[in-house]
Structures are given as structure tokens and as C-alpha cells.
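Here, each number is a calculation from the coordinates, and none is a lab measurement. Just so it is clear, the model here is predicted, and its values are computed rather than measured. Quick reminder, even Gly has a Cβ in these numbers, built from the backbone with ideal geometry, and neighbours come from all protein chains shown.
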Amino acid sequence: MDQAGKLFNRLAATCVTLFALIWLIPFLWALITSLRPNDEIAAHPTRPWSNNWNLDAYRSAWNSSPLGWWYVNSFIISTLTVVFTVVVCSMAAFALVHLDFRGKYAVFALILAGLMLPTEALVLPQFMEFRALNLLGTYWAVILPSIALPVAVFVFHSFIKAIPIPLIEAARLDGASWWRIYLQVVMPLCRPAISAVAILTFITSWNAFLWPLLVLTQTKSQTVTVGLSSLVGGAAIQYAETMASAVLGILPLLAVFLLLQRQIAQGVANTGIK
Amino acid sequence: MTATAIPTSATGVDVQVRPETARGAARGHNRAGWLFATPFLVLYVAFLIGPVLIGLVISLFNTTTVKSGVGSWVGLSNYAEVLSQKDFWASMWHSVLFTLLTTPLLVLLPLLFAILASRMARKQWFFRLAFFAPYVVPSSAVCLIFAFMYTPETGLITNAFSWVGLTAPDFFGSTSGAWFAVVLLTLWWTFGFNFILYTAAIQEMSEEIYEAAAIDGAGPWQQIRMITIPLLRPTMGLVLMLQVLASLKVFDQIYILLAGGPAYSTRPVIQYIYDTGFTAYRGGYAAAATMVYFVILVVISAVWFLARRRNNPAKV
């Protein structure tokens with residue numbers, strides 16, 4: 001490569017690295033603030049070091065809000081949502097690919113149309129429905145509406161379609177039931193699709209805000225995302241404690257992200273779930 | 001695969017012993033197909049189609065959110081009121097304004113940085129970490145951190161303005177400052193999603209095109225302009241549409257950071273529905289607003305969807 005080309009690449013590298021470092025500042029700032037004593041923050045608000053690093057803010061953040069409960073609620077809700085979404089959506093996709101049932105094309109069109117339904121806009125009628133069903137305030141109110149996810153069906157659909165048909169026919173000739181083919185032939189081959197749908201559903205479910213805010217009204221039954229929002233604009237002098245809460249709220253998903261970076265990026269690229 | 005104890009089906013058709021007849025197979029397909037699709041269809045109809053129909057019905061009644069029951073029939077008067085209500089159109093405009101402010105930034109900046117990052121052979125994991133990590137952070141945690149950085153006098157961002165010789169706007173007290181605050185936060189939070197979409201598309205391009213271009217004497221700038229950007233055009237279309245739809249549905253960050261303020265001057269349409277339906281308890285009226293908003297979103301995605309299918313019929 002010529003001299004100008006090398007220079008260009010070096011310039012690009014510097015520019016994008018600088019930008020990436022700027023992107024990390026909010027994380028670092030929250031972390032630094034959470035480790036400094038409040039009086040020091042008040043005296044020198046923008047100083048990025050401390051003479052007295054300590055974890056006191058974490059203790060008081062943990063004690064002053066039911067963070068433990070929020071973790072438990074978020075974890076149960078997100079996990080159940082993931083399990084149900086993966087099972088229900090992959091079963092539907094399996095039926096659409098391998099089973100010729102009457103009305104199949106109508107079902108397919110219905111799910112395709114579902115890709116265009118903006119569910120976030122429907123919280124009000126959804127709320128009325130769940131009140132009529134007497135499910136408000138329960139985990140089920142949060143879990144049930146997010147299971148039937150058209151995008152997930154299409155992710156599984158494209159994966160299952162790529163499985164060679166002779167494989168299925170051979171299993172059929174061996175006398176395997178459809179249920180067994182689904183469980184023992186198709187699902188093991190769908191592992192990348194399962195992990196993509198599972199990870200993205202987990203993140204979406206953990207970060208959901210408006211719907212859990214509406215249906216989980218008890219402080220103790222809220223999720224991390226909803227619970228933390230009540231701290232915004234609160235006690236203006238407890239900087240360290242507020243930032244400690246934010247760090248604690250970020251931690252679980254950031255850990256998931258650091259462990260599964262590549263899979264998450266691939267999942268987003270393959271599905272475009274948003 | 002060995003045929004071990006499989007529970008025989010309820011109709012007594014035993015596939016292990018008797019070879020399937022054509023009609024038997026068709027019946028088996030039909031039954032199994034519906035059995036596999038039923039869990040999805042039940043949930044789908046109950047919780048996606050159901051709310052649309054319920055919204056449609058409630059919007060024709062003067063339902064209140066505090067009492068059960070639909071109330072009494074009012075015909076189309078809820079719609080007439082929504083469409084003539086200034087507050088509704090103001091909130092509609094705020095959602096559109098947010099979309100106009102965020103979409104160009106979130107379509108073009110990630111494109112630029114994905115291209116620049118792709119010029120580097122190593123350190124891809126670092127960019128993925130820095131840009132995409134914010135995307136997995138809950139909206140409320142993002143707002144906690146940014147609210148702290150936007151604090152008047154003492155906040156980091158407020159002070160950053162004075163370091164470069166500018167005066168920081170009033171992030172919570174003025175409308176323009178509030179928009180600035182929420183757009184910057186959104187840029188930081190969701191930048192990574194589009195960055196990943198672009199990066200994946202760039203990585204799918206074959207090395208050979210670039211090698212051939214380099215042999216022909218094309219410099220990096222020419223390679224980007226003549227190869228990368230034209231090949232990225234379909235991805236740009238996808239990112240643009242996903243971004244417009246996501247931005248039109250904005251709620252979390254404006255509600256948590258600003259509560260739609262100052263004086264409702266940033267309140268998006270979802271918060272308008274929330275306020276009228278859950279604070280003023282006017283369920284029927286809020287349902288009418290929901291339906292108007294819903295139809296607008298569906299029309300936008302349907303137009304895009306059809307356009308995409310016509311350009312690329314193979315893709316779902």
C-alpha cells in the first residue's frame with residue numbers, strides 16, 4: 001500500500017479509537033462517582049480521582065431500595081419469557097416448514113403481518129385485557145404478551161428450512177413421531193438460532209420499561225429497569241449512592257454481554273430485532 | 001434413529017407398524033401441524049390481535065380506566081376529539097421531531113465509524129465493546145447516569161461545555177436544552193445497534209474486490225467511495241427504516257429523564273396515551289388516540305415492507 005493509503009488508515013484508526021474512548025466515559029464516570037465520598041463529589045464534582053475510594057455507596061444503595069427483589073423479579077420474568085418464546089416460536093416455525101396442514105398459508109400470512117404490528121403502541125387495550133383477566137400485578141402479565149414473537153418465528157423458519165429434507169424423511173421412515181423429530185433432529189440443528197433468539201429476547205425482556213411499569217405496581221414486585229427509574233431526579237445530594245444503583249443495574253446484563261459478545265453481535269446482525 | 005417406545009397417537013394410527021397411506025399422512029400432517037402451531041396462535045391471537053380489537057371497541061365507548069366495563073356508546077366522538085385536540089397533535093409532532101433529530105445521526109454516524117473501524121485489522125472486539133455495550137443497558141440506568149452528567153453547574157457534560165468555551169443549555173428547564181439532552185443520550189445508547197448492522201454487512205463483502213481495487217491503484221478513500229458505500233446501500237435502507245420505526249415509538253428516555261417536560265414541550269405520543277389513559281383515566285379517549293397512532297405506524301411499515309419485497313422477493 002502506498003504512503004497516502006497508510007496515512008489514511010492510521011488517521012481512521014486514531015479517529016475511531018478516540019470516539020470509542022469517548023463512548024466509554026459515561027460508564028467510567030458512573031463507576032468513579034460511585035466509589036467517591038459524597039462530600040468530595042460536592043466539593044470537586046468533575047475531578048476523576050479520589051483520596052478516599054470506598055464502597056459505602058454500594059452498601060447504602062443496596063439497603064435503601066429493594067434491589068435484591070428487583071433482580072429476582074427481572075431474572076424470573078426474563079428467563080421464563082426466553083424459555084416460552086424459544087419453545088413456542090420454534091414449534092410454530094417447525095409446523096410451517098415441515099407440516100402441510102390446512103390453512104398453513106393463512107397462518108403464515110398472519111404471522112408475517114405480525115411483523116408490522118407495533119405492540120408498544122397497544123399498552124392501553126392490553127392493560128384493559130389483563131385487568132379483565134385478573135392478571136395485573138403478576139409475572140404472567142409481563143410474560144404472556146411477549147411470547148408470540150413473529151420475528152423469532154422467522155428466524156427459526158429460515159434455520160429449519162436449511163435442514164436437508166432427507167434427514168427428516170429418514171427419521172419418518174424409522175417411525176419417529178413429529179414431536180420426536182422436532183425434539184431430537186430439528187432442535188439440536190437449530191442451536192445458533194436458539195441462542196440468537198434466547199439472548200436477544202433476554203435483553204429485550206430485561207430492559208422492557210413501559211409495560212412492566214403499568215402492570216407491576218408494587219415496589220417489591222417491580223423489575224430492575226422499572227425500579228431504577230424511580231431514582232431519577234430523586235435525592236440530589238446522594239450522588240455516589242445514585243451512581244452505585246446505576247452500576248448495580250447495569251452489571252447483570254453487562255456481564256452477559258461480556259461473556260457472549262460475539263453471539264450477541266451475530267444475533268443482531270442476523271435478525272435485526274429491535 | 002431407533003424406534004423405541006413412542007406413545008401411540010390418540011386416534012390409534014400407529015406409524016411404526018403400518019406404512020402411512022397417502023390420506024393417512026395428509027391427516028397426520030394436518031393434525032400435527034395444528035398441534036405445533038396452536039400454542040403460538042393462541043398467544044398471538046389473545047395478546048396481539050386481541051388488544052387491537054379491544055382498542056377498536058373501547059375507542060367507541062366512554063370507558064374509564066378505573067372501573068371495569070366499557071361504559072356507554074359514544075360512536076366516533078372520541079376520534080373527533082382526538083383529531084381536534086391540540087395536545088394530541090403536539091405530542092405527535094414531538095415524536096416526529098425526535099425522529100427527525102435522531103434518524104440522520106443514527107443512520108450516518110454509525111456508517112462512518114463502521115467504515116473507519118473496518119480499515120483496521122485488529123481491535124474489532126474493542127469497538128464492539130465500546131459501541132455496543134450501552135445497548136444492553138436498561139433505559140433507566142442510562143437516564144440515571146446522564147441525568148447526573150447533565151446536572152446544572154456540577155455535571156460532567158455541563159462542565160464540558162465551558163471547557164471548550166461554550167455555555168451549556170439548560171438541559172431540564174428549556175425545550176431546546178431538553179431535546180439536546182435526550183438526543184445525545186439516545187445517540188450514546190443506541191449507536192451500537194446500527195454500528196453492528198453495518199459492521200456485519202462490511203464483513204460479508206469479499207476481500208477480493210478490495211484486493212483487485214488496490215492492484216488497480218485505488219486508494220482507501222476511493223475504495224470506500226466506489227466499493228464500500230455502494231455495497232452498503234441495502235443495509236442503509238434497512239437501518240433507516242428500523243431507526244424511523246424505533247424513533248417514532250420513543251417513550252422511555254423522554255419519560256424517565258424529562259417526564260415530557262418542561263411543560264409537556266417534549267412529551268411523545270406514547271406518553272400522551274399514557275397520561276390520558278392512566279392519569280386522567282379516560283380509557284375510551286386514549287384508545288382512540290392509540291388507534292390513530294397505531295394506524296400511522298402500520299401504514300409506514302407496510303409501505304416499507306412492500307417496497308422491500310418488490311426489490312428483493314426472496315427475503316421475508
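Can you give me the angle between helix A:104-114 and the longest principal axis of chain A, using Cα atoms only, in degrees from 0 to 90, rounded to the nearest 10?
Rounded to the nearest ten degrees, it is 20.
Identify, among B:PHE161, B:PHE251, B:LEU53, the residue whose Cα sits farthest towards the positive end of the charge dipole of chain B, taking +1 on the Cβ of Lys and Arg and -1 on the Cβ of Asp and Glu, with the dipole about the Cα centre.
It is B:LEU53, whose Cα lies furthest towards the positive end.
Going by how many other beta carbons lie within 10 Å of each one, how would you line up A:ASP174, B:ASP275, fewest first?
A:ASP174, B:ASP275
Please say if chain B is rounded, prolate or oblate, where rounded means a/c under 1.5 for a ≥ b ≥ c the square roots of the C-alpha gyration tensor eigenvalues, and otherwise the choice is prolate for a/b larger than b/c and oblate otherwise?
Oblate, since a/c reaches 1.5 and b/c is not below a/b.
Any idea what the alpha-carbon Rg over 2.2 N^0.38 Å comes to for region B:162-256?
1.55
Can you list residues whose amide H is under 5 Å from B:PHE61's amide H, if they're 5+ apart or on another chain and H is modeled 1.01 Å from N?
B:VAL74
Could you list B:LYS249, B:LYS123 in order of exposure, starting from the residue whose Cβ has the fewest other Cβ atoms within 10 Å?
B:LYS123, B:LYS249
Can you tell me, using C-alpha contacts under 8 Å and at least 6 residues apart, the relative contact order of region B:77-311 as a whole percent?
32
Grab the DSSP H runs of chain B that are 4 residues or longer, score each as -39,500 (n - 2.57), total them, divide by all residues and round the 222 nm result to the nearest 500 deg cm²/dmol.
Only helices count here, giving -21000 deg cm²/dmol.
For chain A, taking Cα atoms only, what is the radius of gyration to one decimal and the Dmax to the nearest whole Å?
Calculated on Cα positions, Rg and Dmax stand at 24.0, 78 Å.
Looking at region A:69-230 from every direction and averaging, what is the projected area of its Cα convex hull in nm²?
Average of the hull's projected areas for region A:69-230 equals 10.7 nm².
Measure nothing but the geometry: give the 0 to 90° angle between the long axis through the Cα atoms of A:191-207 and the longest principal axis through the Cα atoms of chain A, rounded to 10°.
Approximately 40 degrees, to the nearest 10.
Report, please, the projected area of the protein assembly as shown averaged over directions, based on the convex hull of its C-alpha atoms, in nm².
Orientation-averaged projected area of the Cα hull: 32.1 nm².
Among A:VAL197, B:VAL250, which comes first, second and so on when ranked by fewest other beta-carbon atoms within 10 Å?
With the fewest neighbours first, A:VAL197, B:VAL250 line up as B:VAL250, A:VAL197.
Which helices of chain B meet both criteria: a Cα extent of 18 Å or more along the helical axis and a mean Kyte-Doolittle score no lower than 0.5, with helices taken as whole DSSP H segments?
B:86-118, B:175-204, B:233-248, B:283-311
Enter the Cα centre distance for the pair region B:188-213 and region A:37-99, rounded to the nearest angstrom.
Their Cα centres are 30 Å away from one another.
Taking each residue in A:108-115, count the Cβ atoms of any other chain within 10 Å of its Cβ, then average. What number comes out?
3
If I model a spin label at A:ARG191 and A:LEU110 as a point 7 Å from the Cα along the Cα→Cβ vector, what separation in nanometres do I get?
Those two pseudo-labels are separated by 3.4 nm.
From the helices alone, meaning DSSP H stretches of at least four residues, give me the mean residue ellipticity at 222 nm for chain A, per-run term -39500 (n - 2.57), in deg cm²/dmol to the nearest 500.
-23000 deg cm²/dmol
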